[in-house]
Amino acid sequence: MRFIDKTKELWNLEKGNAKRNLLKLILAVPFWLIVIALFLMAFGIARAVYLIDTRPDQQIAEAWQSNSDTAFRHMSVFAGGIRAQGDTSPMTYQEGGKSIHLADIALIRTALQTAADTGSAAGSKNIQYTEGKQLRGWEDCYSSTFKATVEALDVVDGLEVTSGKSDAQLVAVGGNYKAFHPFRYLSGGFLPETPVDTNQIVLNDVLAWKFYHSYDVVGNRVMINGQMFTVIGVVEERTTKVAELAGEQEPRAFIYFGALGSICSTTAGGEDDADNTINVPADYAIQCYEAILPELVKGVGVTDFKNAMPNYSLSNPQLYVSNNTGRFGVTRVFDTVFPLGETDRERLGYEFPYWERAAQLTEDRLFYDYTITGLGIILLLIGFSMIGLKFRAKMAVKPGELEVPDAEDAAEKEEKELMLKE
Amino acid sequence: MAKGSARRSRVVKAMVAFVAVLALLTFFSNTLMNLTIPKVMGAYASRGNLSYSNSARGTITVENQTEVKGLEGRTVDQVKVTNYDTVQAGDTILTLKPIEESEDLQSKRDRLKQLERDAEYDSRTDNSTDFTSYYDSINMAKATLSDAEDTLYAVQNKDAVEEENKQIINEESVKEVSLKATVTEAAKTVEDIQKQIDAIDASIAPLQAQIDVYTALGTPTPTPRPDAPETTEPAATEPETPVPEGATATPTPSPSPAPVYDEDGLDPTSPTYEMEKLMLKIRQYEDQKTALQSQLESAQTRLDEASAELAECQGKIKDAQAEIDALKQLPSEAAAQNAVTTARNAVNTAQKALSDAQTAAGITEDKARDTAEDRDEEIAKLKKQIEELEKQAKVTEIKAPVGGYIYNIAVASGDALTAKTFVTYIIPETDRVCSVSFKFSSQAAQSIRVGMDLEITSGFIQGCTVQSIKPDPDNPRANKIVKCMVAGNDAWPGEEITVNAGRGNDNYKCVVPSSAVSEDNNGHFIYVIVGSSTPLGDKYTVKRVDVSIEATDGAATAIKGEGLDKYDVMIVVRAEKPLEDGQRVRLEDYTSK
């Protein structure tokens, strides 16, 4: 019997403790909600800042604006084309308005110049700009990617021999590509806007290390499809997870767009004959065209850019136009992701270069980060609301009515009474 | 005690947490610094020799391309071609939306109608201005002026005139007296002569009565003798002997053989002697009367003349007196002068009013003429436009004027067209004439000759031959424009090509890796590392320096900028993150990677 009583006593005691603990826990929920909210917000914001920081190529407009009062907008357009032999062939012109022809660049530039002259305080673009502080107008670059085998050459006993070979992605660039893609240079520099020598090449760190186990390789020579190129710089690719998923860590080299003709087989549109080979220069298409436009009125740059595209219309875009400036903003990210499901760019099967893929992956991740941050904000609000309600309830009842006897306080009280008796 | 221990416990917990945080921060200090301060690598600028190429870029233009333009007031329905499509002459480029009566056409018609009405109304209106009132005003003012000038003249010559008039009065008064005497005398003479004549008439009357008696008595009427002596003057010598009453005239007897004549040459024996005697007497009286009448006439003439002279004289006196009286009524000279000035001003004012009115009328007339001319021009223009619009309204498509490639379609469905709207270019399929203009520095252009082929370093064309070299209009001393003809039918307008006109090398004071040079809206710039020592260690910041590029070979760039000629200037050649002016940085260990 005594055991049963003891057990019952113990049970009752533990039951009371459990109730008190549960009550304490319930009363502490707002605090924990706030803690969780702060953690989620800190995590989301920190990750978002980090992700955005890793894509400086999407924040070119702000950097280009520098200290001037005129805002700029960075726009990109991605076009299609025909690859005769898969990835190893550069895109060639595809009729039907889906491609951007090299000759279209002049049309686009004319339209952009008109927009810059009429729609902003910007002066005309001066290609041979060397001096002066006047505001520059629009700036552009274009590029096309394909894969090729790159051979590293070394001089052995006075003879130039192949010292290494690697499949690499070649980015054929034109215009002021360097201004749109802020590289970290490990040596040398990038291809000048006005070519000094068309047979110059810039390697990325992956390819340079693969060939030479060094980054100080300016002046070395490489060969692509029998055409010699001189290395003038090595750029460092980003090593983030996003960059890796986007393919930035691949071996890569940058050449002039004008060099495509000398390294690619020129059979587009021609016919191989046993006796007589007719080589017709291929009509290489632009895969990506980018521009920075002055924008006195917000949103005008987007319209100007779209209007400048020869084959672009709202009803039948055919080209994928991306508004790079501000694309990582909360509303823009949510606007891109929603409605959930397959996006236009996925459905229409555009072929994007690695930097755009990285930017899109960043958008996807930012969506989660912004969601986490948003969740944190909601929890924070709930936590504060609960505290507010608790405080209001406490103010509404008499003091001590809701007091819960604390075991520690009770023991302290007993101890005090005992001391007084003694 | 228990409460005190609880407090101690809390303090201990806080201290532990603080130490933990410190340890955590210490442990992750490097990571935190890496996150906040970007790492950069610096290098000193050096003198160097840079090999460069005389490159230039240009854009291909097709010189024999055909430009297609739109139609006024039409809207594109469908564009039937796309860029680079091949078309033949007459192929449809785009279709146009039909227009029945466009608002533009209707408004032009309404406008034309209105203008023609206005012209018709204006043609009926007499636009000439009547200046009569102005001329009248001027004439009146001139008359007033003339009067005022006369008055002034009179005032100025008042004394002389008065003296003159007084002299006239004096002279004429003297003359008047004499003339009055003359008149009185002449009147008296006339009166006397008249009395004598009356007396003669009175004398003749009884003689005639006697003759009448003789005649009644049957006395023949004597005939005058032709040879009657004329030496006798019976009237003067013979006393008047009236014919006795009752005597009758006897007829003159026929010639007798020896008549004896009296002193009057009459034959006393004649029966008509008495009658003849009477008649002779009468003749004598009448002769006297005639003589007196002659005297009377001359006296009367003298009287009239004297009277006239007297009247004239009196008139002169009166006039002179009146003039003298008038002179007294004249105003002062100042008042007269003022009156002249006022009158002259009035004339000027009137003339100016006329001039202004004529000017205003001229302007109004010119305006009316200009308006009419403008209206006529607008009418002609509207008629032409309406004609063209009506003509264009019948057109439903724009066709290719020549065959070739479609290039640069600039319109889309729904676009409104004007006559100046550019639609597209048509580029010849073959025999395309393409050219490119390059801008070279004058120094680089020295090695370029007309006819030489330039090396094409970018672009997909087969050849580029120099056609002409001329100074750049924008900077004729520094630059040359080199125009080249491009070979190959694959050249497209707008295609950008780069050519090389030889290489060169030069020594430069400040050569840096090309990676050091950045670019933004304000131009090219570099970041210079500025170091400073602090108690916590060395601190580095970056300072932006705007530069200009002198030359580049791709890997290295020769730059020029403020403060770069110093030997210890360290330039950022590589940065972990995009930098900002004044940002704190940390130096990278070059050998770490």
The range B:477-560 -> Rg/Rh from Cα coords, Kirkwood Rh, value 1.19
Of B:Tyr407, A:Tyr368, ordered by accessible area with the largest first and a 1.4 Å probe, the sequence is A:Tyr368, B:Tyr407
Asserting the computed 222 nm helical MRE of chain B (DSSP H runs at least 4 long, -39500 (n - 2.57) per run, divided by residue count, to nearest 500) equals -16000 deg cm²/dmol
Using eta = 0.890 mPa s and T = 25 °C, Stokes-Einstein with Kirkwood Rh from Cα pairs puts D for the range B:1-65, in µm² s⁻¹, at 125 µm²/s
Once both label points are put 7 Å beyond Cα along the C-beta direction, the B:Ala89-B:Lys113 separation in nm becomes 4.3 nm
Subtracting the Cα-Cα distance of B:Glu263 and B:Thr184 from 0.36 nm times their residue separation yields 24.2 nm
Answer in debye to the nearest 20: the dipole magnitude of chain B about its Cα centre, from +1 Lys/Arg and -1 Asp/Glu charges placed on Cβ, is 10220 debye
Among the Cα-Cα pairs of the range B:93-198, the proportion with separation greater than 25 Å, in percent, is 73 percent
Straight-line reach check, B:Lys384, cutoff 14 Å on alpha carbons, 8 or more apart in-chain or any other chain, hits among aspartates and glutamates -> B:Glu72, B:Asp104, B:Asp376
The simple spin-label model distance between A:Leu22 and B:Asn49, using points 7 Å out along Cα→Cβ, in nm, is 9.1 nm
Taking Cα atoms only, helix B:132-156 is inclined relative to the longest principal axis of chain B by an angle, in degrees rounded to 10, of 60 degrees
Between the modelled labels at B:Ser123 and B:Ala334 (7 Å from Cα along Cα→Cβ) the distance in nm is 6.6 nm
Computed for the protein assembly as shown: size of charge dipole around the Cα centre, +1 on C-beta of each Lys and Arg, -1 on C-beta of each Asp and Glu, debye to nearest 20, value 11680 debye
For the A:Val156, B:Asp546 Cβ pair and Förster radius 51 Å, calculated FRET efficiency rounded to 0.05 is 0.65
Counting only protein heavy atoms and rolling a 1.4 Å probe, one gets per residue an accessible area for the range B:1-152 in Å² of 65 Å²
So, for the Cα atoms of the protein assembly as shown, Rg and Dmax in Å stand at 66.3, 249
Taking the dipole of the range B:306-415 about the Cα centre (Lys, Arg +1; Asp, Glu -1; charges at Cβ), the one of B:Ala306, B:Ala410, B:Leu354 that reaches farthest to the positive side is B:Ala410
Using a 1.4 Å probe on heavy atoms of the protein chains only, the accessible area for A:Tyr370 in Å², nearest 10, reads 40 Å²
Rounded to the nearest 100 Å², the accessible area buried between B and A, both sides, probe 1.4 Å, is 4500 Å²
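Convex hull over the Cα atoms of chain B, averaged projected area in nm²?
Orientation-averaged projected area of the Cα hull: 94.0 nm².
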Partner lysines whose C-alpha sits under 18 Å from that of B:Lys318, ignoring same-chain residues fewer than 8 away, are B:Lys158, B:Lys166, B:Lys175, B:Lys180, B:Lys328
Tilt, helix B:273-329 to longest principal axis of chain B (alpha-carbon atoms), in degrees rounded to tens, equals 30 degrees
Among beta bridges assigned by DSSP with both residues in the protein assembly as shown, the antiparallel ones amount in percent, to the nearest 5, to 90 percent
So the carbon and sulfur contribution to the accessible area of the range B:1-147, 1.4 Å probe, in percent, is 55 percent
Straight-line reach check, A:Lys147, cutoff 20 Å on alpha carbons, 8 or more apart in-chain or any other chain, hits among lysines -> A:Lys165, A:Lys210
When the charge dipole of the protein assembly as shown is computed with +1 on Lys and Arg Cβ and -1 on Asp and Glu Cβ about the Cα centre, the Cα farthest towards its positive end, among A:Val171, B:Asn49, B:Ser123, belongs to A:Val171
The Kirkwood hydrodynamic radius of the range B:50-152, taken as the inverse of the mean 1/r over all distinct Cα pairs, in Å, comes to 23.2 Å
Averaged over the residues of B:491-497, the number of partner chain Cβ atoms within 10 Å of each residue's own Cβ comes to 5
In degrees, nearest 10, the alpha-carbon axis of helix B:158-216 is tilted away from the dominant principal axis of the alpha carbons of chain B by 40 degrees
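The values are calculated or read from the model by the stated rules, or taken from the named source; none is laboratory data. These numbers were taken from a predicted model, which means no experiment stands behind them. Using ideal geometry, Cβ is built from the backbone for each residue, glycine included, and neighbour counts are taken over all protein chains shown. Ligands, DNA and RNA are excluded from the accessible area calculation, which covers all protein heavy atoms including side chains. Shrake-Rupley method; radii C 1.70, N 1.55, O 1.52, S 1.80 Å.
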